[in-house]
Amino acid sequence: MTVPDLTLARAAVERGDFGGALEALAADPEAPGSPEGLEVAAAARYGLGDLEGAIGSWERLSALEAGAGRSEAAARAAAMVAVLLLCESGLMAAVRGWAARSRRLLGDAPPGAVHALLALVTAYERLLTGDPEGAAAHAREAVELGERFGVDPARGLGRTAVARIAMQAGEVEHGLALLDELAVDLAAGEFDPLTTGNVYCELVCAALWVGHQDRAREWTTVMDRWRTGPALGSTHGRCRIHRAELLRISGPVASAEAEALGACAELRPWMRREYGWPLTELGNIRLRRGDLDGAEEAFLEAHGQAWAPQPGLALLRLAQGQPEVAAAMVRAEIEHPMSVPWKERPPFGGLRLVPLLAAKAAISAAAGDAAGAEEAATQLEEICGSYGGPLLRAEARLARARAALVAGRPEEAIEPAQDAASAWTELEAPYDAGEARVVLGSALAACGRGELARVEWRAAATGFGAFGAHRRAAEVARLADLAGAPARPAPAPAVAWLERDGERWRIGYADKEVSVPDLKGVALLARLLAAPGREFHALDLAGAGVVEPGLPVLDQEAREAYRRRLVEVEADLEEAERDNDEARRLLAARDRDYLLAELAGAVGLAGRARLVGGTAERARTSVTRSLRYGLRRITALHPVLGAHLARAVRTGACCSYQPDPVAPLAWRVRC
């Protein structure tokens, strides 16, 4: 290809114009066969989120360089395939295969840039398969070689691995200090976009591991700001998951669900096994919101991605009135965890158990299992002693309160429940603070202090309602009402109205009435307001009469890539069996099962491609968009009603209007 075209393409990649880079390459007929063109194309396709296109370009470049006798260049391209598979796919067998190919091509070449990449890949492969000592040595090597030869992924992600290993070993403050230093270098622009995006993601994950929401929020804000520049690949989707995780803690939960749905849309599994991550987060959010059907849908889809949706699925079973099933699920995950190489959570050890043990405490308490609750509380206290952190302390104190209460010692539950409620409040976590208040109220009631119990329950109900957990708010409000002595008659609910007036709608409350256009979202809102508490499926609201097809689950390029990965995984599986490496064999077998399931799921009757994104998915998107637009128009004219509706209207696979249990409104609707 001509030098000017290549220069233009490289410049476009550097400024984040990835589409422009591909256009510049396409202008020259020699581009497809040029080593320089293939490398620029790989960077541009990764930037556009076309992972398989990027990997395919590096694969072709490796073959081209090997055929020309340029072994070191071929090894570098093979190492980049391993790096991208590591960062995006979670298919460790394929990662090992490409790393081994790179080493064979290198032979006995002296240490250089390729060795830095291979040290990085090996460090993470060891970390994610439970070998922290081996991981630490390779991580230090990656940093040293990366600094010496100027290899950004090795020096950036290598430093991240060093910090993560320290935190995993209980050196939390030291690890966080290392990450703080790394964050300063990221902000100074010391790394390329691929490294910057992946390191930012891991900074947030590490902070969430140890319950430092303040750092997680700070780094998510910086990551979000950075991604509006030359961010690339899956960075946008990952950033949205982090925002969803933090909103699941702080609320409002409707915003958390919107971010999780956006992340799912951006991280569909085109060779991204970690699509189960946003699906699991979506399930957790819907569970808190009270959308049990929607949570079930998300959790089961995550499980179908060979992902572990626990403890969310177990807590869902508890909410569905199946405590025995819930207990069995969480016990199985603790004793026999699903081995998923996942950089976004602790790969082993006590930190990985924290959410499972917190769920076990809640489930055991609900089932009357005093021994199970005590065991969970004791283990959480031990983990908290090793790692510290405000979130871990709050979880441990709440578990201790649950254990004391179910053991029949309510007086011993009061102080830890108060500690947990205070800690969650300081962490700006209203849902969790509400759960602590529910336990505190139960302990107070069991000690004969009924009025104080009702104060806690009412405070919890108010917090749940403000968060957007209307189902839980109603449950706790009923608890407070049932526990009370003959209470003062509840005042009649205030009246609001939504009435059609020709080509417009009149909506009002108290002494203020406004007029809004006849928007689809306002008409949908009228249906919800006319039946408070009723769940309407998005298909029913959309009025879909014709089922429309969607897009292929996997396009042809992705299917071919899955088949190539399958060959690599089979080779790794054979080698693991030959070496009697049981841990590696199990991971490779899981990778193989995942790929086979993906290929099978992409094919329908008579071998035709299966489709997604049809009528049901479009109905959910369309109805949600219409309702939210209508609510924005109402809020602009009537902020008080708009704020109420933003809290009370639920969107998603099913939509509803859930009355505020603390300050209900009676709606007069006329269509």
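For a quick check of your reading of the filter: which GluC sites (Glu not before Pro) in segment 503-540 sit in a DSSP loop and have no more than 10 other Cβ atoms within 10 Å?
Filter output for segment 503-540: 503.
Could you give the length gained on full extension between residue 336 and residue 451, defined as 0.36 nm per residue of separation minus the Cα-Cα distance, in nm?
Result for the pair: 37.0 nm of gain on full extension.
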Work out how much length residue 180 to residue 348 would gain on full extension: take 0.36 nm times their residue separation and subtract the Cα-Cα distance, in nm to one decimal.
-> 58.1 nm
Segment 298-447: Rg/Rh from Cα coordinates, Kirkwood Rh?
-> 0.97
Residue order, fewest to most surrounding Cβ atoms within 10 angstrom, among 511, 224 = 511, 224
³J(HN,Hα) across segment 208-216 via Karplus (A = 6.51, B = -1.76, C = 1.60, θ = phi - 60°), whole Hz, x for Gly/Pro?
-> 5, 3, 9, x, 9, 4, 4, 5, 4
What spacing in nm lies between the two simple spin-label points modelled at residue 640 and residue 382, each 7 Å away from Cα in the Cβ direction?
-> 5.6 nm
In Å, the Kirkwood hydrodynamic radius from C-alpha pairs for the chain sits at 27.0 Å
Among 61, 538, 128, pick out the residue whose Cα is farthest towards the positive end of the charge dipole of the chain, where Lys and Arg carry +1 and Asp and Glu carry -1 on C-beta, about the Cα centre.
-> 538
Enter the Cα centre distance for the pair segment 399-415 and segment 67-119, rounded to the nearest angstrom.
-> 55 Å
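Evaluate E = 1/(1 + (r/R0)^6) for residue 495 and residue 137, where r is the Cβ-Cβ distance and R0 equals 60 Å; express this FRET efficiency to the nearest 0.05.
For residue 495 and residue 137, the calculated efficiency is 0.30.
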Cα extents of segment 148-219 along the principal axes, largest first, in whole Å, come to 33, 24, 15
Residues with amide H under 5 Å from that of residue 667, placed H, sequence gap 5 or more = 496
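Test of understanding: what is the full-extension gain from residue 478 to residue 663, defined as 0.36 nm times their sequence separation minus their Cα-Cα distance?
So the chain would gain 65.2 nm between residue 478 and residue 663.
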FRET E, pair residue 409, residue 14, Förster distance 60 Å, beta-carbon r, rounded to 0.05 = 0.40
Rounded to whole Hz, the Karplus (6.51, -1.76, 1.60) HN-Hα couplings of segment 94-108, x for glycine and proline | 5, 4, 4, x, 6, 5, 5, 4, 4, 5, 4, 5, 5, x, 9
What are the ³J(HN,Hα) values, in whole Hz, obtained from phi via the Karplus relation 6.51 cos²θ - 1.76 cosθ + 1.60 with θ = phi - 60°, for each residue of segment 363-379 in sequence order, with x given for Gly and Pro?
-> 5, 4, 4, 5, 8, x, 8, 5, 5, x, 5, 5, 4, 5, 5, 4, 5
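Hey, fewest Cβ within 10 Å first, where do 336, 537 land in order?
On the way: 336 8, 537 15.
In increasing order of surrounding Cβ atoms, one gets 336, 537.
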Spin-label point model (7 Å from Cα, Cβ direction): what's the residue 48 to residue 578 distance in nm?
-> 3.9 nm
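If you take the Cα atoms of segment 1-72, find Rg, then find the Kirkwood Rh from the mean of 1/r over all pairs, what is Rg/Rh? Mind dumping the intermediate values first?
Details: Rg = 11.6 Å, Rh = 12.0 Å.
Here the Rg-to-Rh quotient is 0.97.
Read-outs throughout are calculated quantities, based only on the coordinates presented, and are distinct from any laboratory measurement. Bear in mind that the values here come from a model prediction, so they are computed numbers and not experimental data. So basically every Cβ, Gly included, is an ideal-geometry build from the backbone, and we count neighbours across all protein chains shown.
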